[in-house]
Amino acid sequence: MVIPALQAAATLGSCLQAVLAQDVDTEFDITIAVGPSNDDTWAIAEAAASTNPNVRVVDNPSGATPAALNLAIAASAGPIIARVDAQSILPAGYLRRASETLARTGAANVGGIQRPVGGHGRQAIIAEAMASPFGPGPARFRRDGEEGPVDTVYLGVFSRAALEAVGGFDESMRRNQDYDLNWRLRAAGHQVWFDPELVVEYRPRPTLGRLWDQHWQYGAWKRYSLLRAPKSLRIRQLVAPALVVGLAFSLGALFAGSLLGLVIPVIYLVAAIFASTRCEVTGLSNRMVLLAAFATIHLGWGSGFLVGRRGG
């Protein structure tokens, strides 16, 4: 297993606990690539390595996720590579099930569902927004669906041979590196396989500001990856940028004195309110935060796609 970790002291301990509890027939190694962190990420990783001979820690000076993954993969052994994020918690039996699915299907990468789980306060509300079909979108890895080939999956358990054949993770892709890798795997004739039995808990960003920053970067890097591989475009990826453009025109119409400028904002607000009623959020103030989280996801991603720079 390979784990990129940066400023992950709040989640790395529980992540490692779930990883070490995996029930498999053979031993597996765990490589943690730690980037420059000013919290206790290094201490937690080194403590795990000191008490378990199968855990090793490598330095990731750049702090970039794809570089961390490639460094960890190079330091690991075995024919199967399981990617794990420091913000994720694997369910019992994850590695066994994923390995069996990998062998059964002959796929190059197997993954499942990302299930956002917030601790408390705004993080819990943001988790509800992330889990809603109205939030980040209809990609199958965000909700239940039928098993089978897909564009991309959450995390991923890879055939090392296939992963190395396409050159591993592209270190120029600081974001969207998973989709880019899965696109290259599929272009090389491999399958990316979705298994809905693989449900992984994910800790989302705890504040709206960090949520905006995350999705702004996602949008900017998605535009860059589409310029490199235009055939990877999916219509759903244009919805958030179209919303931003529509709202900009609406603002212009309102300044010009036309009430037609209210159409798109009202339609969006009604849709967001309807989606919020299907989330497990109570209380007016919490529901307002949920609506703000929806807008943060959509406008952050759409704005980043339109004008964001790859630097951040």
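The values are calculated or read from the model by the stated rules, or taken from the named source; none is laboratory data. These numbers were taken from a predicted model, which means no experiment stands behind them. Every residue, glycine among them, receives a Cβ derived from its backbone with ideal geometry; neighbour counts consider all protein chains shown.
Only residues in the stretch 57-68 that are without any contact (Cβ under 8 Å) to a residue 40 or more places away in the chain and in the same structural domain as Ile32 (by TED's automatic domain parsing) count as the first member; pair them with residues that are surrounded by 22 or more Cβ atoms within 10 Å (Cβ to Cβ) and in a strand (DSSP E or B), Cβ under 7 angstrom, at least 6 apart or cross-chain, and list the lot. Close Cβ pairs satisfying both conditions: Val57/Ile32; Val57/Val34; Val58/Thr31; Val58/Ala33; Asp59/Val34. When the residues of the stretch 253-301 are filtered to those that are part of a loop (DSSP other than H, G, I, E, B) and β-branched (Val, Ile, Thr), which remaining residue is nearest to the chain's Cα centre (by Cα)? Top of the filtered list is Val281.
If Gly63 satisfies every condition in (1) of a type in the set (Gly, Ala, Ser); (2) touching a Leu at 6+ places or on another chain (Cβ under 7 Å); (3) closer than 23 Å to Asp178 by Cα; (4) not in a loop (DSSP other than H, G, I, E, B) but one, which is the exception? All conditions are met except number (4). Look through Ile73, Ile81, Ile44 and report the one residue that is part of a strand (DSSP E or B), surrounded by 15 or more Cβ atoms within 10 Å (Cβ to Cβ) and in the same structural domain as Ala5 (by TED's automatic domain parsing). Going through Ile73, Ile81, Ile44 in turn, the sole match is Ile81.
Ile264 versus (1) more than 17 Å from Ile126 (Cβ to Cβ); (2) exposed (fewer than 13 other Cβ atoms within 10 Å of the Cβ); (3) in contact with a Ser or Thr (Cβ under 8 Å, 6 or more places away or on another chain): which is the lone unmet condition? The one condition Ile264 does not meet is (2).
For the stretch 150-167, a residue qualifies if it is surrounded by fewer than 19 Cβ atoms within 10 Å (Cβ to Cβ) and either within 16 Å of Ile3 (Cα to Cα) or in the same structural domain as Ile73 (by TED's automatic domain parsing) (or both), and exactly one does: Arg160. Look at Lys231 and say whether it is outside any loop (DSSP other than H, G, I, E, B), free of Cβ contacts under 8 Å to residues at least 24 places away in the same chain and among the charged types (D, E, K, R). Yes. Might you check whether a residue that is at pLDDT 95 or above, in contact with a strand residue (DSSP E or B) (Cβ under 9 Å, 6 or more places away or on another chain) and of a type in the set (A, V, I, L, M, F, W, C) occurs anywhere in the stretch 109-123? Yes, the stretch 109-123 contains at least one residue that is at pLDDT 95 or above, in contact with a strand residue (DSSP E or B) (Cβ under 9 Å, 6 or more places away or on another chain) and of a type in the set (A, V, I, L, M, F, W, C). When the stretch 108-153 is filtered for residues that are over 14 Å from Asp195 (Cα atoms), in contact (Cβ under 8 Å) with a residue 40 or more places away in the chain and assigned to a loop (DSSP other than H, G, I, E, B), the ones remaining, listed by number, are Val117, Gly118, Gly119, Ser132, Pro133, Phe134, Gly135, Pro136, Gly137, Pro138.
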